[in-house]
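This report refers to the structure that appears directly beneath it.
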Amino acid sequence: MENHKIYLDNAATTKILESAYHAMLPYFGEYFANPGGLHKMASDNRRAIAGARKTIADAIGATEREIYFTSGGTEADNWAIKGIADTAPANRKHIITTSIEHKAVMHTCEYLQRYRGFSVTYLPVCPQGTVNTEDLRRAITPQTALISVMFANNETGVLQPIKEIGEIAREHDIIFHTDGVQALGYVPIDVSELNIDMLSISSHKIYGPKGIGVLYVKDGIPIAPLLHGGNQERNRRAGTENVPGIIGFATALETVRKDMEEEARRLFTLTQLAIEGMLAMPLCRLNGDKIKRLPHIFNVSFENVDPEILQMLLDKQGIVVAGGAACTSGTDQVSHVLLAMGLDERQARGAIRISLGRYNTENHIKTLLAKLPPILEKLRNT
Ligand code: PLP
């Protein structure tokens, strides 16, 4: 990364930590063996994977046998939902999710609707971006096989009432999946305390390498494999293990956990400073709850401003932000998340997402707040 850049797009991806990078290197070199072999080189790598699995299990209050490595958050989400759809009895073909999920969940549910005869309820959210648990109770039917509600939203950072949702799912004997990709490393996640049956997490959002994630599956949850082949991951997820990725993910998680609370407090203070500063600018609105959110993400709209040009002009000044969702930018789509929160199309089009990380400082925020007003003025006058 160019050193002078102020990178405020950490929800899209993060720069790998030195600790994770260095921990991975030997597995590209000397320790290259396929862990499936019968020789010592293989069993050494199996042991390394077992250690990483334990680190990740400990971080979320799970046991090692409940941790399954995947190629990332997208695969974990696909697997959780399709894997339960595959084993659901014919009279339980109903899924409840929300209208603000990441596309990895949303498009998987749409696939099941279109090709597999499932019905899907997309719960609404309030203008602050949270699901109402009474709506969830009302949506449950005897046919409901799965509830999938994200832990925190990737565009707004808004947190959902996960513990309560988990309790409701348990009360009704329905499997509960949550996409914890953005929440991991920023808020405590204990799967048993929160009644979570399946949790998707991804390494590259917490300063680990890309292309590696985990699906936590609680013991006893009847999930069918997504990928068929070899007997890796206890016969549930075939494919030669991504050993460097697994080691890098576990090392990054171990590192971020060490100062998670302190870092979360620091980031929350910095984002509050940024939010206050922006709200003092004309025609700016915060999209999402100011408090019930992840410490590092927020979303703002500037009326009468094209966010793509704003993003471009900030980029020219060395400040990197995202227009709405990283995955939506460039495709001229309006954010489904912001529309679900009740913004009209014009407001939703004017949104940018700012997401901080451990390499950001107060000076970065001060620079952003200083550079924004003249850019906004220029954009509104042209
Ligand atoms: N879920 C959420 C909430 C995300 O923000 C993302 C990535 O942006 C994903 C899933 C997909 O994760 P991955 O990039 O590891 O496939």
**Request:** Show which lysines lie in cross-link reach of Lys366 when reach means a straight Cα distance below 26 angstrom and same-chain residues fewer than eight apart are skipped.
**Result:** Lys5, Lys15, Lys205, Lys290, Lys292, Lys316, Lys378
**Message:** For the chain, give me the percentage of DSSP beta bridges that are antiparallel, rounded to the nearest 5 percent.
**Reply:** 55
**Fill in**
At R0 = 35 Å the Cβ-Cβ FRET efficiency linking Glu167 and Thr269, nearest 0.05, sits at 0.65
**Item:** Top of Pro89, Pro209, Pro188 by mean-square fluctuation, Gaussian network on the chain, Cα under 10 Å
**Value:** Pro89
**Item:** Accessible area expressed per residue, the chain, with surrounding protein chains retained (probe 1.4 Å, Å²)
**Value:** 42
**Request:** Report the calculated FRET efficiency for Asn132 and Asp315 (r = Cβ-Cβ distance, R0 = 51 Å), to the nearest 0.05.
**Result:** 0.85
**Asked** How far is the Cα center of the range 151-179 from the Cα center of the range 1-45, in Å?
**Response** 31
**Message:** Using 0.36 nm times the number of residues separating Ala238 and Lys290, minus their current alpha carbon distance, what extension gain do you get?
**Reply:** 14.5 nm
**Complete:** Everything considered on the Cα gyration tensor (a ≥ b ≥ c; rounded for a/c under 1.5, else prolate if a/b is larger than b/c, else oblate), the range 56-193 must be described as rounded
**Asked** What angle, in degrees between 0 and 90 and rounded to the nearest 10, separates the Cα long axis of helix 40-60 from the longest principal axis of the Cα atoms of the chain?
**Response** 50
**Request:** Hey, could you get me the Stokes-Einstein D for the range 229-382, Kirkwood radius over alpha-carbon pairs, 37 °C and 0.692 mPa s, rounded to whole µm² s⁻¹?
**Result:** 186
**Asked** Using Cα atoms only, what is the angle between the long axis of helix 103-116 and the major principal axis of the chain, expressed in degrees (0 to 90) to the nearest 10?
**Response** 60
**Item:** Mean Cα-pair separation over length for the range 164-239, i.e. relative contact order, pairs under 8 Å, 6 or more apart, %
**Value:** 21
**Item:** Separation in nanometres of the label points that stand 7 Å from Cα toward Cβ, at Glu262 and Ala90
**Value:** 6.0
**Asked** Percent of accessible area on the chain owned by carbon and sulfur, 1.4 Å probe?
**Response** 52
**Item:** Computed over the range 242-299, Kirkwood Rh from alpha-carbon pairs, angstrom
**Value:** 13.5
**Message:** Nearest 10 degrees is fine. How inclined is helix 162-171 to the longest principal axis of the chain, computing both from alpha carbons?
**Reply:** 40
**Fill in**
Eigenvalues of the alpha-carbon gyration tensor of the chain, times 5 and square-rooted, give semi-axes in Å, largest first, of 35, 27, 17
**Item:** Potential extension, Lys371-Lys5 segment - 0.36 nm per residue separation minus Cα distance
**Value:** 130.4 nm
**Message:** Students often get this wrong: which residues of the range 83-107 have the backbone nitrogen under 17 Å from the point 7 angstrom along Cα-to-C-beta of His228?
**Reply:** 83-88
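The values are calculated or read from the model by the stated rules, or taken from the named source; none is laboratory data. As the structure is a computational prediction, the values presented were derived from the model and not from experiment. Here the Cβ is made from the backbone with ideal geometry for all residues, glycine too, and neighbour counts use every protein chain on show. Accessible surface is based on the protein model in full, side chains and every heavy atom, while ligands, DNA and RNA are left aside. Shrake-Rupley method; radii C 1.70, N 1.55, O 1.52, S 1.80 Å.
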